[in-house]
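See below for the structure under consideration.
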Amino acid sequence: MEYGLLLAGTLFALGLIGVLVRRDIVFILMSLEIMLNATGLAFVTAGARWAQADGQVMYFFILSMAAAEVAVGLALVLRLRRQFKTLDADAASRMHG
Amino acid sequence: MTTDDLIALSPLITIAAASVALMLAIAFYRDARVALVCALIGIALAFAMLPVAASRAPRQITPLLILDQYALFYLGLLFIASFVVALLADGYLDKLGGELEEFYLVLLLATVGGAALVMSAHFASFFLGLEILSVSLYVLIAYPRRSARGVEAGIKYLILAATSAAFLLFGMALIYAELGTMEFGRMASGMAGVDVRRELLLAGQAMIFVGVGFKLAVAPFHVWAPDVYEGAPAPVTAFIATVSKGAVFALLVRYFANLGDEVFQSFFPALAAIAIASMFVGNLLALAQTNVKRILAYSSIAHLGYLLVAFLAGGSLGATAVAFYLVAYFVTNLIAFGVVAVLSGRREADELEDYHGLFWRRPWLATIFLTALLSLGGIPLTAGFMGKFYILMAGVGSALWLLAIIMAVNTMISFYYYLRVAFMMFRDAPEGEAAPGGPPPSLSFMGAGALAVLTLLLVWIGVYPGPLVQTIRSMVAGLR
C-alpha cells in the first residue's frame, strides 16, 4: 500500500508543479488532470487495502467530475482565446489590487 | 431506501427535479422570464418541503446523507439566499442582454450542490456536493459573454478551485487509507485505534483543510477572492459570498463536531492562526481598495475570520454564534451585492466614484446600502452587531481572550473603509444628473421588494434577536 500511495503522492506533486510553473492554459488543465488522477490512484490503493469497493467508486466520481471540469475549462479556454488572442494564462491579469 | 427516507430527502429531490424540469423547459421554449419563474417555483417548492422533511428528522439516509435540525436550518437559509439571488439576477441580466435562460438553470444546480453539502455525512457526498457547487460556479462567474473580466475571473477560479479540490480529495484518500471508512460518524472511533499512523491522518486532515480553506477564502488561501468578486456578475458574487461559503462552513462545523474534541484541539493553534491572519489581511488590505466589490471581498475574508473565532470557541455557544453570524452575514451581503447589482448597467457600478452622491440621486437605495454597510461594520441595532456580540460572548465564554481582543481591534479598523463608502454616498452630487455608468439603474418590482424585506429583516434581527436565537439553540442541540 505504501508504494501505491507514494506513487500517487509523486504524481500529485508533479501535477501541482505543472499547475504552478506552466503558463499555457491548456497545459495547466492537463496538470490539473494529473493531480486529480493521482488522487484517484490513491483512492484505489486505499480501497485495495481494506478490500472495499469504496475506493473505486470514488475513482468513478473523480473521473466524471474531472470530465465536467475539463468541459467547462475548455469552454473558458475558447473564450480566453477570443478575448485576449492568446492562451497565455498570464495575459488574463487585468485586475490587480 | 424506504418511503421515510424519500420523504426526508424531499427538499433535495425537489430542487434537483426542478433543475431537470427547467432544463427541459429551456429546450422547448426559450424565455428568460419563464426560466426565472420556473427557478423561483422550484426553490419555493423545495423550501415548502422542509416542514414535511422535518417530520422525519433526525434521520440518517444511507451512509451518505443526514437530515437533522442542523441540516434543515441551513437548507432553509440556502434556499432563501438562492431565491433572492435569482430575483436580483432578473433585473441585472436584463441589462446585459444575450441568452439568459441557462443562468437560472446553473443557479439551481449550484443550490443542489450547496444543499448536498449541508446534509452530507460522508466523504463521497461531501466531494460531490462541493464539486456540483464549484463547477456550476465556474459557469456562473463567466456567464456574461462579452465581459473580459468575467472570463479572467472564471479561469482564475477554475484553476484554483480545481487545485484545491485535488488537495481535498488527496486528503480524503489518505484518511480513508488509514481508517478504512469515509463516514464522518465512524471516524472518531477509527482514530482512537492504536495502530493508526498519526502523521498520515494529520497530513490528510491538513490537505482537507486546504481544500475547505480555499472555498472559504480564509487568509493564506484568499488570493482568488478579490479578483473573482470583482470579475463575476454582482448577483453571482452575492451567491459566492453567501451560499458557497455558508454551505462549506456548515459542513466544516459538522465535520469537526463528528471528529470529536481531540482532533479539534490538535487543530486549534493552526485554525487560530488562520483566523487571526484572515482578520488582519482582510481588514488591512480593504483599506487600500477603491473598488466596492473588492472592498466587500476583503471584508468577507475578515468576516470568515470572525466566524472562525466563533467556531474555535466550540461548544453549543460557539455553534449558536456561528449560525447566528451566518444568518446576519447572508442577509447583509445579499443586500450589499444586491444594491451593486441594481446600480450596474452594461458596466458594473463597482468603482467608489459610482457611489458619489448616491444619497441625493437615489435616497432609498442609498439608505438600504448604508444599513448593509453599518451591519457589516457591526453598528448596534443591526444584525451584524448582534452577530459580533454573540461571537465575542462565545469567545470570552471559552476564554479565548487573544482572539476576542484581535476581533475587537479589527472591527475598529473595518469601520474606516465601511464609513468611507458611506461618506462617499453623502457627498454633494456631481454637477448635473449625469451619473457615471450609462443607463439609469433599473429595479424590478420583485428585486426591490426583496431588498426592502431583507433590510427590514436586518434591522429586526438586530433589534429583536430572540426568536432567531431560540430557533438556532434548538437546532444546535441536535448536532453531533
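The numbers here are math on the coordinates, done by the rules we state, and not lab data. Everything numeric here is computed off the predicted structure, so don't read it as measured data. Here the Cβ is made from the backbone with ideal geometry for all residues, glycine too, and neighbour counts use every protein chain on show.
Does residue A:62 fit the bill of being more than 7 Å from chain B (Cβ to nearest Cβ), within 21 Å of residue B:127 (Cβ to Cβ) and either in a helix (DSSP H, G or I) or among the polar types (S, T, N, Q) (or both)? For residue A:62, the condition - more than 7 Å from chain B (Cβ to nearest Cβ), within 21 Å of residue B:127 (Cβ to Cβ) and either in a helix (DSSP H, G or I) or among the polar types (S, T, N, Q) (or both) - is not met.
Of all the criteria given as (1) without any contact (Cβ under 8 Å) to a residue 60 or more places away in the chain; (2) in a helix (DSSP H, G or I); (3) within 8 Å of another protein chain (Cβ to nearest Cβ), the one not satisfied by residue A:93 is (2). A count restricted to segment B:121-171 and to residues that are more than 8 Å from chain A (Cβ to nearest Cβ) and either of a type outside the set (Ser, Thr, Tyr) or under 20 Å from residue A:56 (Cβ atoms) (or both) stands at 19.
Here B:234, B:206 are screened, and the one residue that is in contact with a helix residue (DSSP H, G or I) (Cβ under 8 Å, 6 or more places away or on another chain), surrounded by fewer than 20 Cβ atoms within 10 Å (Cβ to Cβ) and more than 11 Å from chain A (Cβ to nearest Cβ) is B:206. Between B:385, B:423, B:389, the distinction of being surrounded by 15 or more Cβ atoms within 10 Å (Cβ to Cβ), assigned to a helix (DSSP H, G or I) and either out of contact with any helix residue (DSSP H, G or I) (no Cβ under 8 Å at 6 or more places or on another chain) or free of Cβ contacts under 8 Å to residues at least 60 places away in the same chain (or both) belongs to B:389 only. Residue-level check: of (1) facing another protein chain (nearest Cβ under 7 Å); (2) surrounded by 19 or more Cβ atoms within 10 Å (Cβ to Cβ); (3) free of Cβ contacts under 8 Å to residues at least 60 places away in the same chain, residue A:47 misses just (1). Within segment B:89-120, the residues that satisfy the criterion of being farther than 19 Å from residue B:133 by Cβ and surrounded by 24 or more Cβ atoms within 10 Å (Cβ to Cβ) are B:90, B:92. Residues of segment B:348-364 that are touching a residue at least 60 places away in the same chain (Cβ under 8 Å), over 17 Å from residue B:419 (Cβ atoms) and not acidic (Asp, Glu): B:349, B:360, B:361, B:362. Scanning segment A:1-28 for residues that are under 30 Å from residue A:80 (Cα atoms), assigned to a helix (DSSP H, G or I) and either at the interface with chain B (Cβ under 8 Å from one of its Cβ atoms) or over 13 Å from the mean Cα position of the chain (by Cα) (or both) yields A:12, A:15, A:16, A:19, A:21, A:25, A:28.
Got a number for residues in segment B:256-290 being touching a helix residue (DSSP H, G or I) at 6+ places or on another chain (Cβ under 6 Å) and outside any helix (DSSP H, G or I)? Residues flagged as touching a helix residue (DSSP H, G or I) at 6+ places or on another chain (Cβ under 6 Å) and outside any helix (DSSP H, G or I) within segment B:256-290 amount to 4. Hey, can you tell me all the residues within segment A:72-88 that are assigned to a helix (DSSP H, G or I) and either within 7 Å of another protein chain (Cβ to nearest Cβ) or among the acidic types (Asp, Glu) (or both)? The answer is A:72, A:73, A:76, A:79, A:80, A:83.
Listed here are the residues, each with its yes/no results for (1) crowded, with 24+ Cβ neighbours inside 10 Å; (2) within 14 Å of another protein chain (Cβ to nearest Cβ).
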residue: B:280; (1), (2): no, no
residue: B:287; (1), (2): no, yes
residue: B:292; (1), (2): yes, yes
residue: B:300; (1), (2): yes, no
residue: B:304; (1), (2): yes, no
residue: B:320; (1), (2): no, no
residue: B:324; (1), (2): yes, no
residue: B:335; (1), (2): yes, no
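Residue B:10 meets the conditions (1) within 27 Å of residue B:447 (Cβ to Cβ); (2) touching a helix residue (DSSP H, G or I) at 6+ places or on another chain (Cβ under 7 Å); (3) not β-branched (Val, Ile, Thr) in every case but one. The failed one is (1).
Every listed requirement among (1) farther than 21 Å from residue B:207 by Cβ; (2) charged (D, E, K, R); (3) at the interface with chain B (Cβ under 7 Å from one of its Cβ atoms) is met by residue A:69 save one, (1). Residue B:162: free of Cβ contacts under 8 Å to residues at least 60 places away in the same chain, of a type outside the set (Ser, Thr, Tyr) and in contact with a Leu (Cβ under 7 Å, 6 or more places away or on another chain), yes or no? So residue B:162 passes the test.
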